[in-house]
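Notes follow once the structure below has been shown.
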Ligand code: ADP
Ligand code: MG
């Protein structure tokens, strides 16, 4: 089994007397894709930011390859971790390739300029946007910009990629494409996902949060169970055979919907 690259030991984040995350313990193995799921306000982004070393836990510790994140210098952390958040504040006038080159900053001076250019080109290529290299960031669509952010993160050559709701603002097709793209990258990834049907196809592991607590961790099969999905999301989960492919589909829906009195009243 592959080794543990990241682990959080009883991390909490408390502010103004309130726990946003309470004693969360989890491990991420090399090559895994961990999805953090839970309702709005559950503490997912706070946990992700602590795992990525962007927010210091008020108690507990995070270790990267056995070393406490506290003891890593910021430059070292920037070489190891790439973070794609929900808000992209990129200058719209920047050329796409120059934006992706920002990912090389933590490695500046380590490689030759031509090697840095190669890595930027490779990141654009792997995310399928090499044709936009000379376009201005502001001229790209939502889905293209999301890929661009991912390309910048890849240019960092991180040990771990952190994504916070990367499919926000994308249409259903682009959501699928973006997550398939991340699967194909074969990089250890920790992603907050809010789209439940996308979780099982994407993730090797799932961490379920509710009310600041980590309430379940395990494989998608172990965590997307009727009981957990019902407790945490107040949804029913149906597992159906795909009509034409040899795989299972998960459908999430509001529980106990019978003939609808609401509809009757609309009529
Ligand atoms: P999620 O990503 O699961 O939606 P967050 O981790 O962003 O949740 O936030 C968890 C809860 O903590 C939310 O209710 C949010 O409003 C609150 N919160 C986030 N940051 C702060 C802060 N700096 N001070 C007080 N409350 C906060
Ligand atoms: Mg969030």
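Within the chain, all pairs of alpha-carbon atoms sorted by distance into 10 Å bins from zero give the percentages 7, 27, 32, 22, 9, 2, 0, 0.
The equivalent ellipsoid of region 32-96 has semi-axes of 23, 19, 11 Å, largest first, where each one is the square root of 5 times an eigenvalue of the Cα gyration tensor. Length, then width, then depth: along the principal axes, the Cα atoms of region 109-158 run 33, 21, 16 Å. To the nearest ten degrees, helix 142-155 and the longest principal axis of the Cα atoms of the chain are 50 degrees apart.
Considered as an equivalent ellipsoid built on the Cα gyration tensor, region 115-267 has semi-axes of 35, 20, 15 Å, the largest given first. Take the convex hull of the alpha carbons in region 1-121; its mean projected area over all directions comes to 9.9 nm². In percent, rounded to a whole number, the relative contact order of region 1-73 is 38, using alpha-carbon pairs under 8 Å and six or more apart. If one takes the longest principal axis of the Cα atoms in the chain, at what angle in degrees, from 0 to 90 and to the nearest 10, does the Cα axis of helix 172-185 lie? Helix 172-185 sits at roughly 50 degrees to that axis.
Against the chain, whose longest principal axis comes from its Cα atoms, helix 113-126 is set at around 20 degrees.
Given contacts defined as C-alpha pairs under 8 Å and at least six residues apart, what's the relative contact order of region 6-219, whole-number percent? Computed over region 6-219, the figure is 31 percent.
Counting neighbouring beta carbons within 10 Å and listing from fewest to most, the residues 250, 209 come out as 250, 209. If you restrict to DSSP beta bridges whose two residues both lie in the chain, what percentage is antiparallel, to the nearest 5? So the antiparallel bridges in the chain amount to around 60 percent.
Relative to the current alpha-carbon distance between residue 225 and residue 23, full extension at 0.36 nm per residue lengthens the span by 70.4 nm.
Read-outs: derived from the displayed coordinates by stated rules, not from any lab. It should be emphasised that the depicted structure is a prediction, and the values quoted were computed from it without experimental measurement. Heads up, the Cβs are rebuilt from the backbone with ideal geometry, glycines too, and the neighbour counts pull from every protein chain shown.
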